[in-house]
1. So for each of A:85-96, B:374-385, A:119-130 I average, over its residues, the number of other beta carbons within 10 Å; can you give me the resulting order with the highest mean first?
2. Using only the Cα atoms of chain B, each taken as one equal point scatterer with no solvent, compute I(q) by the Debye sum, divide by I(0), and report log10 of the ratio at q = 0.11, 0.13 Å⁻¹.
3. If you count, for each residue, the other Cβ atoms within 10 Å and average over each peptide, how do A:75-83, A:239-247 line up from highest to lowest?
4. Suppose each label sits 7 Å from its Cα in the direction of the beta carbon; what would the B:LEU160-A:ARG145 distance come out to in nanometres?
5. Which percent of the accessible area of the stretch B:70-226 is formed by carbon and sulfur heavy atoms (probe 1.4 angstrom)?
6. To the nearest whole number, what is the average tally of beta carbon atoms from other chains within 10 Å of the beta carbons of peptide A:121-128?
7. Could you work out, residue by residue across B:85-94, how many beta carbons of other chains sit within 10 Å of that residue's beta carbon, and then give the average as an integer?
8. Could you state the accessible area per residue of the stretch A:15-260 in Å², with a 1.4 Å probe and every protein chain left in place?
Amino acid sequence: MNRRKFLGAIGAAGLTITGAGKVLAGEKPVMGAAVKDVEGLPDSYAVLFDSNICIGCRQCEMGCQQENQLPEPDVDFHDPRIFEQTRRTDWKTYTLINQYDDEAPGVGWLYRKTQCMHCLEPACAHSCFVKAFSKRQDGAVVYDRKVCVGCRYCMMACPFNIPAYEYHIALDPLVTKCTFCEHRLLDGREPACVEVCPVRAMEFGTRTEMLNLARRRILDNPDMYVDHIYGEHEMGGTNWLYLSPVPFPEIGMRMDLGTTPAGNYTSGALGGVPIITAFWPVLLVGAYAIARRKDKIAREERDQYVSRMIAQAGPEVGRKLAERLSKAQELDQAAIEEEVRKALAEAAAKTESEEAH
Amino acid sequence: MTNQHNEHPWEVKSPWITPFNVVAALIVLVGIYLTYLRFTGGLAAVTNLDDNYPWGIWISFDLLCGVALAAGGYTTAAACYVFGIKKYHAAVRPAVLTAFLGYALVVFALHYDVGQPWRLAYPIFVQQGTTSVLFEVGLCVFLYVTVLFLEFLPAPLERLGIKRVRNIMIKLTLVLTVFGVILSTMHQSSLGALYLILPSKMHPLWYSTHLPIYFFVSSMFAGLSMVIFESTLSHRWYHNRMDKSHLEGTPHVTFGFAKAAAWIMAGYFFIKFFGVVLNNNWAYLNTFYGMIFSIEMLGFVALPAFLYIKGVKTRNIKLIRWTAVLTVFGIIFNRFNVSLVAYNYHLPSEMKYFPALAEIGVTIFVITIGLIVFKFIATRTPIFYELPEYKGSH
Ligand code: SF4
Ligand code: SF4
Ligand code: SF4
């Protein structure tokens, strides 16, 4: 196989793996990298959390724990000391409240709830190599524990640091995260945390309804809210949306995530084209270096032959051979051997005729 | 190094009780204990992994470095069979064996890391997550282990005298080599692509849309350097198992590979440099992360490239061998930088991950198993020599 054909083969192989694919589950799956086509699942369920309303009572945490039969928490749900640190989700905790003001723990005015954002194009689903995570048409991002391999790439990939892991379990540890109370959604019921909230800090409806509600709240009370609905576009949009009285980074939500859906970052690489076009020059340089070396070795080999000839058949033959070889610079191994054979035969003939005399 | 060679390398016997065997046995015992802990107490019992650091050194070293350093298999085979440089022939079998064991160990080590090792083949046979870069990695690694096994097969077959199958395998050499290069291109680069999906967690100096290219290109000189490094070690330990053509071929391999590696490293240096320019990352160079990045680029890429060239120019084989060690460390440094230093760079230092002793222990255990199996195979099959009846026939 020559070099060009060989490189072509690599190129073709790279092209056969493509990036786009389905991450949506259900009867009507849509292409993951093209969810824009369905305009962000406008009729899927969504929740709007309003930091202006939440009082940090942690009833939602308790509701979640009971609904999903999670283990008892390390710190009691009524203990305000929990607010001394900023927490993240873990295997016992699908959702949690953090306090972000400078007041004493539990008596502040700025709280935010954390749980899975239920992204429209979830990084967790895009990154899972066995499709254990998938996006449902009703908005929930759900987990299939029967196929999960426990590689934890989903945890690496999630931009919101949501999935947690049962590191302490030896056999069949699971990736855990908020399920959007997927069983309740099937009956059109709102998630447990939304239902138990005493002040209605969360609203539940379709994504379009929630976006409209959020807009209305901002318009009606422009000085109570920053003019941004978190989750409308972040990472391609999410089904959990947030309103805040302060800039979002102050309640621990990154504004630098961008609006590009996670899958788009890898589809290019999986498509292979950019890699192949970009590494060609480098590969060729490497190939060139090796090839040059090869020529040099060939030359050395030829010289070795010549000197051996000189030793074997006397200086006369060797000189002739060297002359002839230097005329033809581009001889390959076979040609060299041919020349050597000829020179030897000549020498032998000469000796014979000399002896005959 | 003497130039004497053993006329009958296949007759060498080695004693049972050697320092290597004793140390290896101890490590294996510890490894078995750690294995017990891992599979009774879960990952928490042996690792420092947590929810923010789902991937530790078992991924950084065992997977990322393991695969990069096993790249000697495809580079050597391609140089010999695709580019037709027969002088490298002697290096092919050791390199293929190392690569095969390297990949086999990667798969072995993954059984410790994943939660459901019995489902490791699910992504291939049960449900394919085609949108995942990890799927591509998994599929290619799976196929490539198979290819490497087939490439390695002639050695034991020759030893066992199963000629017919062996000759079929030899005929497949070119096809297998080309297939191996394609698979390697794809998964070496995909290992870098794994990090593409998490831009918000990666330090900009290491995050680039070109990560796959960086990983692939660096795997080439990682593989070449590893072959040089390994042949140094093999010559120390297995000198009496090498035949004339292996001993004669080694300097060619060392100089040729050093030169190729230097060229590729120069190219790598420049594409990484242009990465900094393109992403306008100058400001970061003046920070702690910038310092680490500069050490990586200057000390572990530019310097060894220069030393390789110098070694080739002055025919200094010793310099080249040390440079190979430096390059190998550089690759490890780079993979650790991407997967542990750049990853989660914004977390406060007390939340950062540092491997547990037991975690490092498992990695050492895995490497030791590799050495033991390598020794077992290299002392029993024609790796460093050719059996008389097959001389020159492949
Ligand atoms: S927030 Fe994370 S875990 Fe939840 S859907 Fe998005 S990517 Fe998945
Ligand atoms: S841990 Fe499970 S759900 Fe997460 S990516 Fe791996 S296989 Fe998929
Ligand atoms: S129940 Fe409602 S008010 Fe109480 S902490 Fe949860 S979201 Fe806030």
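The values are calculated or read from the model by the stated rules, or taken from the named source; none is laboratory data. All of these numbers come straight from a predicted model, not from anything done at the bench. Heads up, the Cβs are rebuilt from the backbone with ideal geometry, glycines too, and the neighbour counts pull from every protein chain shown. Just so you know, the surface numbers come from the protein's heavy atoms only, side chains and all, with ligands and any DNA or RNA stripped out. Shrake-Rupley method; radii C 1.70, N 1.55, O 1.52, S 1.80 Å.
1. Highest-to-lowest ranking by the protection proxy: A:119-130, B:374-385, A:85-96.
2. -0.83, -1.16
3. Answer by packing, highest mean first, reads A:239-247, A:75-83.
4. With each label placed 7 Å out from Cα toward Cβ, I get 4.4 nm.
5. 72
6. The per-residue average across the peptide is 4.
7. Per residue, the average neighbour count from other chains is 2.
8. 41
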